[in-house]
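Novice: First the structure, which I've put down as structure tokens, then a few questions once you've had a look.
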Amino acid sequence: MDSQYLPMSEAKISVLDWGFLHSDATYDTVHVWGGRFFRLDLHLDRFFGGLEKLRMTIPFNRDGVAEILHNCVALSGHRSSYVEMICTRGASPTFSRDPRDAVNRFMAFAIPYGSVANPEQMQRGLHVAISRTVRIPAASVDPSIKNYHWLDLVRGLYDAYDRSAETALILDMAGNVAEGPGFNVFVVSNGALMTPASGVLPGITRRTVFDLCAEIDIPAVAGEVTVDALRSADEVFITSTAGGIMPVTVLDGRPIADGKVGPVTRQLTELYWRKHEDPNWSTPVRYP
Ligand code: PLP
């Protein structure tokens, strides 16, 4: 940040930054697995798309940001890492309230890889509850701009914890399934996949599931996912850069189908991790 590479403990922003005060920021998270970035180009596309929609500018082009991300990982030494690039609105040097006066701030960091699901949950599937909190509508906050408007998602998590679940699914204004705190969701029914089409972050892992399904001829579409479709699914899984493809086996205290991780989820998970070594899907970190 601010043209320097720092230990994480020294990386700090001003309390006057509107990224902090107004959640006026966009970001993207890419991961490194086994010393290789996974689908970095897609993450850069999404990040630069968000900057444009929020009318933010940074003094780096795509190659410049990619170089910074490589350097963060190389300096940290991590072989498996969670790598975040962020642009905040910054602050106005004159304390003006006009966002056009703010000096946008770019920063990036690399920390050890983390997952939404822990190893035990990966084995037996996550226990999920449908939250009473409704997802912020896309007409208010464009979900294709990756953002930190997380109060609905955090309330969803507490709703889930209160009901002894491990994470939450949040519905949209029409009562259909949207997404969860840091992940998209898929249902598998009769061998075909479906994920919510709108009102969600277009996740890179979600996109990857579509690409994998095209390779192995599994039908997959984006559409309206009702709560009934979720409850009666053969399999449910969630997707995130933090954890990949993660099974869900219990919904609101009841098992999904037989309550076991299903074959389609297993097949896609295995293929997903295999792609991390494929040069068409991943790029080696430039370690010194
Ligand atoms: N939905 C939300 C709200 C997220 O924050 C995230 C990731 O952080 C996702 C979905 C999953 O997106 P991706 O697969 O690009 O990590």
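The values are calculated or read from the model by the stated rules, or taken from the named source; none is laboratory data. Note that this is a predicted model, so its numbers are computed, not measured. No Cβ is skipped: glycine too gets one built from the backbone with ideal geometry, and neighbour counts run over all protein chains shown. These area figures cover heavy atoms from the full protein model, side chains too; ligands, DNA and RNA do not enter into them. Shrake-Rupley method; radii C 1.70, N 1.55, O 1.52, S 1.80 Å.
Novice: Probe radius 1.4 Å, ligands and nucleic acids left out: which of TYR82, TYR161 has the largest accessible area, and how do the rest follow?
Specialist: Details: TYR82 55, TYR161 115 Å².
Final ranking, largest accessible area leading: TYR161, TYR82.
Novice: Roughly how many Å is it from the Cα centre of region 7-49 to that of region 174-209, as a whole number?
Specialist: For region 7-49 versus region 174-209, the Cα centre distance is 23 Å.
Novice: Here's something else I'd like to know. Which three extents, in whole angstrom, do the alpha-carbon atoms of region 8-112 cover along their principal axes, largest first?
Specialist: Dimensions of region 8-112 along the principal axes of its Cα atoms: 46, 29, 19 Å.
Novice: While we're on this one: Under a 5 Å amide H to amide H cut-off, with H placed in plane at 1.01 Å, what residues pair with SER115 once short-range neighbours are removed?
Specialist: none
Novice: Can you pull out the trypsin sites (Lys or Arg not before Pro) in region 100-202 that DSSP calls coil and that have at most 16 other Cβ atoms within 10 Å? Kindly include the intermediate steps, with their values, before the conclusion.
Specialist: Working: sites: ARG100, ARG105, ARG124, ARG132, ARG135, LYS146, ARG155, ARG163; in loops: ARG135, LYS146, ARG163.
Answer in residue order: ARG163.
Novice: Can I ask one more? Quick one: pull the percentage of alpha-carbon pairs in region 54-114 with a separation above 19 Å.
Specialist: Working: 780 of 1830 pairs.
Pairs farther apart than 19 Å: 43 percent.
Novice: For the chain, what's the relative contact order in percent, using C-alpha pairs closer than 8 Å and at least 6 residues apart?
Specialist: Working: 577 pairs, mean separation 58.0, N = 288.
Computed over the chain, the figure is 20 percent.
Novice: Can you tell which of TYR5, ILE68, HIS149 lies farthest toward the positive end of the dipole of region 1-150, using +1 and -1 charges on the Cβ of basic and acidic side chains (Lys, Arg; Asp, Glu)?
Specialist: Working it through, the farthest residue towards the positive pole turns out to be HIS149.
Novice: Amide H to amide H under 5 Å from GLU179: which residues, 5+ apart in sequence or cross-chain, H placed 1.01 Å off N in plane?
Specialist: For GLU179, the qualifying residues are ILE170.
Novice: Could you list which residues have their amide H under 5 Å from that of ALA91, counting only those 5 or more apart in sequence or on another chain, with H placed in the peptide plane?
Specialist: So ALA91 has HN proximity to TRP18, VAL103.
Novice: Still on this structure, I have one more. Evaluate the relative contact order of region 66-144 (contact order divided by residue number), counting alpha-carbon pairs under 8 angstrom at least 6 apart; express in whole percent.
Specialist: Numbers: 74 pairs, mean separation 22.2, N = 79.
Averaging sequence separation for qualifying contacts and normalising by length gives 28 percent for region 66-144.
Novice: Keeping the other protein chains in place, figure out the carbon and sulfur percent of the accessible area of region 220-288, with a 1.4 Å probe.
Specialist: On the way: 1730 of 3340 Å².
Of the solvent-accessible surface of region 220-288, carbon and sulfur hold 52 percent.
Novice: Something else now. For region 85-186, what does the equivalent ellipsoid look like in terms of its semi-axes, each the square root of 5 times an eigenvalue of the Cα gyration tensor, given largest first in whole Å?
Specialist: Working: eigenvalues 200, 73, 25 Å².
Over the Cα atoms of region 85-186, the semi-axes work out to 32, 19, 11 Å.
Novice: Separate question: Hey, what do the phi angles of region 253-270 turn into as Karplus ³J(HN,Hα) couplings, whole Hz, using 6.51/-1.76/1.60 and θ = phi - 60°, x for Gly and Pro?
Specialist: x, 10, x, 8, 6, 8, x, 10, 5, x, x, 5, 4, 5, 5, 5, 4, 5
Novice: Moving to a separate point now. With θ taken as phi - 60° and the coefficients 6.51, -1.76 and 1.60, list the Karplus ³J(HN,Hα) couplings across region 47-52 in order, rounded to whole Hz; mark glycine and proline as x.
Specialist: Going residue by residue, I get 5, 5, x, x, 4, 5 Hz, with x marking Gly and Pro.
Novice: Quick one: net charge of LEU230's neighbours, Cβ under 15 Å, K/R +1, D/E -1? Provide the component values of the computation, followed by the final result.
Specialist: Working: positive: ARG135, ARG231, ARG254; negative: ASP172, GLU179, GLU224, ASP228, ASP234, GLU235, ASP252.
So the surrounding residues net to -4.
Novice: Treat every Asp and Glu Cβ in the chain as -1 and every Lys and Arg Cβ as +1, leave all other atoms uncharged, and give the resulting dipole magnitude about the Cα centre to the nearest 20 debye.
Specialist: On the way: 27 positive and 33 negative charges, 61 e Å.
It works out to roughly 300 debye.
Novice: At a Förster distance of 45 Å, what's the computed FRET efficiency of ASP162 paired with LEU75, Cβ-Cβ distance as r, to 0.05?
Specialist: It comes to 0.65.
Novice: If you wrap a convex hull around the Cα atoms of the chain, how much volume per residue is inside, in Å³?
Specialist: On the way: hull volume 38.8 nm³, N = 288.
Cα convex hull per residue, to the nearest whole number: 135 Å³.
Novice: May I pose another question? Return a whole-number percent for the relative contact order of region 2-122, with Cα pairs under 8 Å and 6 or more residues apart as the contact set. Spell out each step's value before the answer.
Specialist: Working: 169 pairs, mean separation 36.2, N = 121.
Normalised by residue count, the contact order of region 2-122 is 30 percent.
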